[in-house]
1. Determine which member of the set Val305, Val325 is part of a strand (DSSP E or B), farther than 23 Å from Ser248 by Cβ and of a type in the set (A, V, I, L, M, F, W, C).
2. Within the stretch 278-297, which residues are modelled with pLDDT under 90, open to solvent by less than 40 Å² (accessible area, probe 1.4 Å) and either assigned to a strand (DSSP E or B) or small (Gly, Ala, Ser) (or both)?
3. What strands (runs of 3 or more DSSP E) completely inside the stretch 336-447 contain at least 2 residues that are under 30 Å from Glu315 (Cα atoms)?
4. Test Val319 against the stated conditions and say whether it is in a helix (DSSP H, G or I), without any contact (Cβ under 8 Å) to a residue 60 or more places away in the chain and open to solvent by less than 90 Å² (accessible area, probe 1.4 Å).
5. The conditions are (1) out of contact with any Asp or Glu (no Cβ under 7 Å at 6 or more places or on another chain); (2) open to solvent by less than 40 Å² (accessible area, probe 1.4 Å); (3) farther than 29 Å from Pro361 by Cα, and Ile380 fails exactly one of them. Which is it?
6. Answer with yes or no whether Ala417 is small (Gly, Ala, Ser), closer than 11 Å to Glu452 by Cα and open to solvent by less than 50 Å² (accessible area, probe 1.4 Å).
7. Could you say whether any residue in the stretch 339-352 is surrounded by 15 or more Cβ atoms within 10 Å (Cβ to Cβ), modelled with pLDDT of 90 or more, β-branched (Val, Ile, Thr) and in contact with a Leu (Cβ under 9 Å, 6 or more places away or on another chain)?
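The values are calculated or read from the model by the stated rules, or taken from the named source; none is laboratory data. All of these numbers come straight from a predicted model, not from anything done at the bench. Cβ atoms come from the backbone with ideal geometry, glycine included; neighbour counts cover every protein chain shown. The area values use the complete protein model at the heavy-atom level, side chains included, leaving out ligands, DNA and RNA. Shrake-Rupley method; radii C 1.70, N 1.55, O 1.52, S 1.80 Å.
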Amino acid sequence: MSNEKESVALTSMVASAAMTIGKLIVGFSTGSLGILSEGVHSLLDFVATALTYAAVRVSDTPPDDGHPYGHGKVEGVAALAETALLFLTSAWILFEAVQRLLADHVEVEATWWAVGVIVASIVIDFFRARELSRVAKETKSQALEADALHFSSDILSSSVVLVGLGLVWLGYPKGDPLAAIGVALFVCLAGYRLGRRTIDTLIDAAPVGVADRVSALVAAVPGVAAVRAVRVRPGGSTLFVDLDIAVSRLLPPGRVATVVEDVSNAIRAEMSEAEVRVGTQSLALDDETILERVGAVAGHHGQAVHHVTVQRVGEALSVAYDLEVDGDWPLNRAHGVATALETAIRSELGDSVEVETHIEPRSGHPVRSQEVDSATVASIQAALSGAIAGHDGLLDIHSLRVREADGRLYVVFHCHADPQMPVFQAHEAIDRVERRVRGAWPSILRIVGHIEPAHGHKTAAV
């Protein structure tokens with residue numbers, strides 16, 4: 001794409017050089033101010049296309065430490081320089097045209113080669129304006145777009161010169177300076193249009209309608225709760241899009257990252273030139289449950305809680321949970337963390353809520369354990385099988401693992417159950433089994449039962 005931009009800019013520059021030479025030779029030989037003005041115009045076109053060629057080479061240079069947003073605005077600077085050249089051209093043409101209109105005698109010769117060079121200019125401008133416009137649209141190049149607009153206006157100005165030559169041929173020699181004034185007006189119009197768009201680019205004016213389009217695309221992405229802000233600015237062939245979105249505070253970090261990626265992909269799918277930066281803000285949604293709100297507050301404070309229970313006692317609300325802290329912490333530190341969390345939960349749910357924290361130790365390092373002898377495993381297997389015998393819906397014990405560390409036992413087992421059993425009943429049943437076996441084996445430090453449907457489909461541990 002970069003090579004195509006450079007190629008079309010170089011071709012346009014060569015065409016401008018050839019047309020400048022041809023127009024100036026014919027203009028001086030015929031004395032036509034209209035053709036001379038077109039020659040000077042083409043000379044400035046050559047300078048402008050040279051600037052464009054240099055700009056597209058520089059603008060595609062990758063970002064660096066000094067230019068983290070790339071070099072795209074070089075194209076805007078080149079377009080602004082081209083605008084200045086257009087207005088200088090107009091001033092010179094108007095001055096010469098007025099001088100000739102005030103003169104008593106104007107000597108202009110309308111020859112076939114004068115007409116030929118203008119017709120050739122129109123044909124060349126038509127094809128290169130079309131090619132420049134095509135590549136500008138494909139590459140989002142402001143400099144090439146400026147050239148395309150420039151040469152489209154040149155077609156009209158050259159047509160005015162033809163009309164002036166026709167008037168000279170019919171015996172009205174002052175038709176030539178009048179045509180030159182028409183050329184100047186067309187050049188001024190082209191300069192105004194180009195300058196307005198270029199200045200908008202250089203001052204980071206947002207392209208009309210793009211921010212609304214981005215907002216609509218982002219709002220449709222699953223997981224986006226709201227679009228907070230959209231900032232769009234062009235930079236050469238790149239469209240920089242900065243936006244802030246709100247996501248549910250209950251989403252885990254991995255899911256938030258996925259939402260951000262989906263947002264970026266949605267924008268780039270519609271705007272391939274976009275470079276997207278997405279910021280996220282946590283938002284409390286209206287449909288959050290009390291359990292979710294407690295979990296969100298704990299997560300925000302970097303604390304792990306489990307076994308959260310919520311009770312309504314009349315109009316009052318009571319919340320209790322287990323808080324995991326490092327087992328090596330002194331009690332006063334753990335209590336300080338628990339107090340801070342309780343304060344945050346009251347701030348979330350209301351000062352009247354009862355908040356109770358059960359502090360549990362969490363080991364920061366893996367426990368080094370070893371397998372126990374088969375006799376101990378068989379005894380615990382028998383104890384577990386006996387414990388489930390009195391519970392309807394619990395069917396068998398399997399996948400038993402018993403390990404020992406520092407004289408304490410760690411027991412993990414799986415239990416098949418009735419697939420239609422409600423989760424709360426399954427949890428209560430397996431909890432009673434765990435308590436019964438642990439009561440019979442005081443050396444058991446930790447026992448974890450995983451309950452699963454009898455048809456073999458796995459469920460979460462309860």
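1. Working: Val305 fails: farther than 23 Å from Ser248 by Cβ.
Result: Val325 is the single residue among Val305, Val325 that is part of a strand (DSSP E or B), farther than 23 Å from Ser248 by Cβ and of a type in the set (A, V, I, L, M, F, W, C).
2. Listed by number, the residues that qualify are Gly295, Ala296.
3. Details: elements: 354-362, 394-405, 408-417.
Ranges flagged: 354-362.
4. Numbers: in a helix (DSSP H, G or I): no; without any contact (Cβ under 8 Å) to a residue 60 or more places away in the chain: yes; open to solvent by less than 90 Å² (accessible area, probe 1.4 Å): yes.
The answer is no for Val319.
5. (3)
6. Details: small (Gly, Ala, Ser): yes; closer than 11 Å to Glu452 by Cα: yes; open to solvent by less than 50 Å² (accessible area, probe 1.4 Å): yes.
Yes: the conditions hold for Ala417.
7. So far as the stretch 339-352 goes, no, none of its residues is surrounded by 15 or more Cβ atoms within 10 Å (Cβ to Cβ), modelled with pLDDT of 90 or more, β-branched (Val, Ile, Thr) and in contact with a Leu (Cβ under 9 Å, 6 or more places away or on another chain).
Conditions tested, residue by residue: (1) touching a His at 6+ places or on another chain (Cβ under 7 Å); (2) surrounded by 15 or more Cβ atoms within 10 Å (Cβ to Cβ); (3) in contact (Cβ under 8 Å) with a residue 40 or more places away in the chain; (4) not aromatic (Phe, Trp, Tyr).
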residue	(1), (2), (3), (4)
Gly327	no, no, no, yes
Thr357	no, yes, no, yes
Val367	no, no, yes, yes
Ile397	no, yes, no, yes
Asp406	no, no, no, yes
